[in-house]
1. Dipole magnitude of segment 1-86 about its Cα centre, charges +1 at Lys/Arg Cβ and -1 at Asp/Glu Cβ only, in debye to the nearest 20?
2. Tell me, in nm to one decimal, what length is gained between Asn49 and Glu24 on full extension, where the rule is 0.36 nm per residue of separation less the Cα-Cα distance?
3. Hey, what number do you get for the chain at 222 nm if only DSSP H runs of n ≥ 4 count, each worth -39500 (n - 2.57), divided across all residues, to the nearest 500?
4. What dipole magnitude, in Debye to the nearest 20, does segment 147-195 give about its Cα centre under +1 on Lys/Arg Cβ and -1 on Asp/Glu Cβ?
5. Per residue, what accessible area does segment 115-198 have, given a 1.4 Å probe and all protein chains present, in Å²?
6. Can you find, among Leu20, Leu35, Gln120, the residue farthest towards the positive end of the dipole of the chain? Put +1 on the C-beta of Lys and Arg, -1 on that of Asp and Glu.
7. Within segment 1-155, what whole-number % of the accessible surface is contributed by carbon and sulfur, with the 1.4 Å probe and all protein chains included in the calculation?
8. Peptides 64-72, 165-173: what's the order by average Cβ count within 10 Å, highest mean first?
Amino acid sequence: YVSLLCKNDPAFLKEASEKLHEYEAVIRKIIIIHLLNQREFEFLYKAGNEITTLLHSAIAEDRELAVEIMSELKHVQFSEALKMLINDDEISVCRAAISTACKLKMAPLLPEIISMLNQQSHKNLVLKGLTLYGDQLFEDMQQLLEFSPKDHLLELIKIAGKQKGENSTAFLLSMAKEGNADFREAIVHSLWNKEYTP
């Protein structure tokens, strides 16, 4: 109901934006998203300030709310904000930021996300996030010339086995051609998971 009003009634949206802090998190999220979908500078400015406040809040739920908002706005880039939240001390905020960055396929953040596989406390979060990234992950990794995921090949081979698409298959076949005996079994298993027929 609130979403419909925000979408179709600019006067309601303006009034709601002025009382933003009176609403619960779900309603605040709807209002901020609708503010960012407007072309009116005043609305964009208000939404930007609100997201900045949420990002720098001492309350973890506020930072999570900021990530939820970012995850629904594919036409606005939040690379720097997500980069900051990926390293948040609160595990729930970190998880949400990694998942959002991967769902939105934010290639520039891949090196940082993949390097977090070195931290045992974040490993499962990162693996789940990279799986959400999908088949595009393996093309985007190739585009990052300065980035080499050598330390995490086994994890990436397993993720490739869970994806549908040509990029993950090409990645597995390139690993097979390199002839690394340490990964042979994992590569074959991943290709089998993908039902690959040579």
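The values are calculated or read from the model by the stated rules, or taken from the named source; none is laboratory data. Nothing here was measured: the structure is a model prediction, and the numbers come from that model. With ideal geometry, Cβ positions are generated from the backbone for all residues, glycine too; neighbour counts draw on all protein chains shown. For accessibility, only protein heavy atoms count, side chains too; no ligands or nucleic acids. Shrake-Rupley method; radii C 1.70, N 1.55, O 1.52, S 1.80 Å.
1. In debye, rounded to 20, segment 1-86 gives about 240.
2. Details: separation 25, 0.36 × 25 = 9.00 nm, distance 1.77 nm.
Result for the pair: 7.2 nm of gain on full extension.
3. That calculation yields -19500 deg cm²/dmol at 222 nm.
4. Computed about the Cα centre, the dipole is about 120 debye.
5. Numbers: 5330 Å² over 84 residues.
The answer is 63 Å² per residue.
6. Result: Gln120, furthest along the dipole toward the positive end.
7. Here carbon and sulfur together make up 52 percent of the probe-accessible area.
8. Details: 64-72: 21.8, 165-173: 18.8.
Output ranking for 64-72, 165-173: 64-72, 165-173.
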